[in-house]
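Here is the structure we will look at, set down as structure tokens.
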Amino acid sequence: MTETGRRERKKAATRQALADAALRLFLERGYDDVGVREIADAADVSVTTLFKHFPDGKEALVFDQDLDREAALVGAVRERPTDLSVPRALHRLLLDDRSRRVRTDPRFPDFLRLVDTTPALREYARRMWLRHENALATAIAEDAGLPSDDPGCRALAHFALEATTLVRADRDPEAALARIFDLLDSGWSGSTPTD
């Protein structure tokens with residue numbers, strides 16, 4: 001076992017402990033009523049260590065799994081079956097991610113409620129998703145053989161990423177997401193959705 005491997009595992013464990021402590025405290029007391037010092041204490045680390053792992057601040061603690069998002073989004077485009085369109089591949093990724101999180105984390109509905117009821121977290125979540133826009137647009141353009149600055153590719157990337165924000169408060173987010181990706185896949189016809 002190398003020292004580098006041990007150090008990386010220790011960093012990952014500290015990061016996870018901080019994220020877990022933050023989510024637990026936020027769910028118990030509300031986002032605005034918990035300070036970074038309390039989170040650091042709950043994870044048994046210093047505030048300096050907290051900011052080494054989460055330099056973007058308190059909001060970033062709630063979205064600790066963001067590091068893999070960009071790779072998953074780009075992979076959904078590049079590694080999709082040839083008979084699956086880019087919008088359908090992105091839709092599948094978003095549905096699979098949501099479904100996996102609901103199945104594996106019993107706190108996920110509480111997490112969504114926390115984000116939905118906290119303006120700072122709602123805005124951070126939106127910015128977090130949209131920062132992957134350039135990488136996703138580039139992957140879409142490469143896949144289509146178009147220039148990397150193609151406006152259609154940028155629009156598809158933007159609206160695919162924005163879709164998660166648009167459906168958050170919907171009574172049936174999965175149906176709303178399907179409607180959005182139907183539109184992205186087939187274009188606007190002005191007609192009502194098909195069953």
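The values are calculated or read from the model by the stated rules, or taken from the named source; none is laboratory data. The structure presented is a predicted model; accordingly, all values stated were derived computationally and were not measured. Here Cβ is always computed from backbone atoms with ideal geometry, including for glycine, and neighbour counts include all displayed protein chains. The protein model used for the area step is the full one, side chains on, heavy atoms only, and it has no ligands, DNA or RNA in it. Shrake-Rupley method; radii C 1.70, N 1.55, O 1.52, S 1.80 Å.
Odds and ends about this structure:
- Given a 1.4 Å probe and the protein chains as shown, residue 10 ends up with an accessible area of around 150 Å².
- Unit charges at the beta carbon, dipole of segment 18-72: most positive-side option, 46, 31, 60: 46
- Pairs of Cα atoms farther than 27 Å apart, the chain, %: 39 percent
- Once the chain from residue 131 to residue 116 is taken as fully extended at 0.36 nm per residue, the excess over their C-alpha distance is 3.4 nm.
- Accessible surface ranking for 129, 188, 1.4 angstrom probe, highest first: 188, 129.
- Using θ = phi - 60° and Karplus 6.51 cos²θ - 1.76 cosθ + 1.60, couplings along segment 81-96 (whole Hz; Gly, Pro as x): x, 5, 8, 10, 5, 4, x, 5, 5, 5, 4, 4, 4, 5, 5, 4
- Geometric extent, Cα atoms of segment 90-195 - Rg, Dmax (angstrom): 15.0, 43
- For the chain, modelled as a GNM whose springs connect Cα atoms under 10 angstrom apart, the maximal fluctuation among 145, 35, 75 occurs at 145.
- Assigned charges on the beta-carbon of Lys, Arg, Asp, Glu; the chain dipole about Cα centre (debye): 540 debye
- Segment 1-89 gives an Rg/Rh value of 1.14, both radii derived from C-alpha positions and Rh following Kirkwood.
- Per-pair calculated FRET efficiency, R0 = 45 Å: residue 51 and residue 185 via Cβ, rounded to 0.05: 0.60
- Here the gap between residue 176 and residue 37, fully extended at 0.36 nm per residue and compared with their Cα-Cα distance, gives a gain of 46.1 nm.
- In a reduced charge model with +1 at each Lys and Arg Cβ and -1 at each Asp and Glu Cβ, segment 56-135 shows a dipole moment near 240 debye about its Cα centre.
- For the chain, the per residue solvent-accessible surface stands at 59 Å², with DNA, RNA and ligands left out and a 1.4 Å probe.
- Per-residue accessible area (protein heavy atoms, 1.4 Å probe) orders 97, 149, 110 as 149, 110, 97, starting from the largest.
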